[in-house]
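Report on the following structure.
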Amino acid sequence: VQLQASGGGLVQAGGSLRLSCAASGIIFSINTGGWYRQAPGKQRELVAVVSSGGSTNYADSVKGRFTISRDNAKNTVYLQMNSLKPEDTAVYYCKAITRGVVVSYWGQGTLVTVSS
C-alpha cells in the first residue's frame with residue numbers, strides 16, 4: 001500500500017490550498033480515508049475523514065473551512081482548505097483505514113505553511 005500526498009506549500013492567511021492523496025494497493029471507496037496534521041511541538045491530530053459510505057467528520061477547528069472529498073475513479077482523497085489561518089501550519093498526513101480487520105496506512109507528510 002502506498003499513499004502519495006501532495007499539494008502543500010506556503011500561502012498567506014485567508015488563502016486556499018488543496019491537498020491530494022493518491023492511493024495504490026488500497027481502494028478508498030471501500031475503506032476510510034482521512035487527513036491528519038502535526039504542528040511543531042504538538043501531537044498529530046485528526047483533521048477530516050471520509051468513510052466508505054461517504055460520510056465525513058471534521059475537527060471543530062476546521063469545520064466550515066475545510067472540505068474532504070474523494071474521487072473514486074482516481075482513487076484519491078482531497079482536502080480543500082479555505083480561509084487558512086497561521087494556526088493551520090503543520091505537516092499534513094493522509095491515512096487509509098481498512099474495514100473489517102482494521103489496518104492503518106500512512107502517507108508521507110506534506111508541509112502547509114500559512115503566513116500572517
Next on the checklist: I need the phi-derived Karplus couplings for the stretch 99-107: 6.51 cos²θ - 1.76 cosθ + 1.60, θ = phi - 60°, integer Hz, Gly and Pro marked x.
Outcome noted: 7, x, 6, 6, 10, 10, 10, 10, x
Checklist entry - To the nearest 20 debye, what is the magnitude of the charge dipole of the chain about its Cα centre, counting +1 on the Cβ of each Lys and Arg and -1 on the Cβ of each Asp and Glu? => result 80
Item to check | Derived scalar couplings ³J(HN,Hα) [the stretch 75-83; Karplus, 6.51 cos²θ - 1.76 cosθ + 1.60; whole Hz; x for Gly, Pro] | outcome: 6, 9, 10, 10, 10, 8, 10, 10, 6
Item to check | Max mean-square fluctuation residue, GNM over the chain, Cα-Cα springs under 10 Å, options S69, S16, S55 | outcome: S55
Checklist entry - In Å, what Rg and Dmax follow from the Cα atoms of the stretch 1-42? => result 13.2, 36
Checklist entry - If you wrap a convex hull around the Cα atoms of the chain, how much volume per residue is inside, in Å³? => result 93
Checklist outcome for this item: Karplus-derived 3J(HN,Hα) from phi for the stretch 47-57 (6.51 cos²θ - 1.76 cosθ + 1.60, θ = phi - 60°), whole Hz, x at Gly and Pro, runs 9, 6, 9, 10, 7, 4, x, x, 6, 10, 9
Checklist entry - Per residue, how many Å² of accessible area does the stretch 1-97 show with a 1.4 Å probe? => result 49
Checklist entry - Roughly how many whole Å is it from the C-alpha centroid of the stretch 1-40 to that of the stretch 63-99? => result 5
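The values are calculated or read from the model by the stated rules, or taken from the named source; none is laboratory data. These numbers come from a predicted model, not from an experiment. Glycine gets a Cβ as well: all are built from the backbone with ideal geometry, and neighbour counts include every protein chain shown. Accessible surface areas use protein heavy atoms only, side chains included; no ligands, DNA or RNA. Shrake-Rupley method; radii C 1.70, N 1.55, O 1.52, S 1.80 Å.
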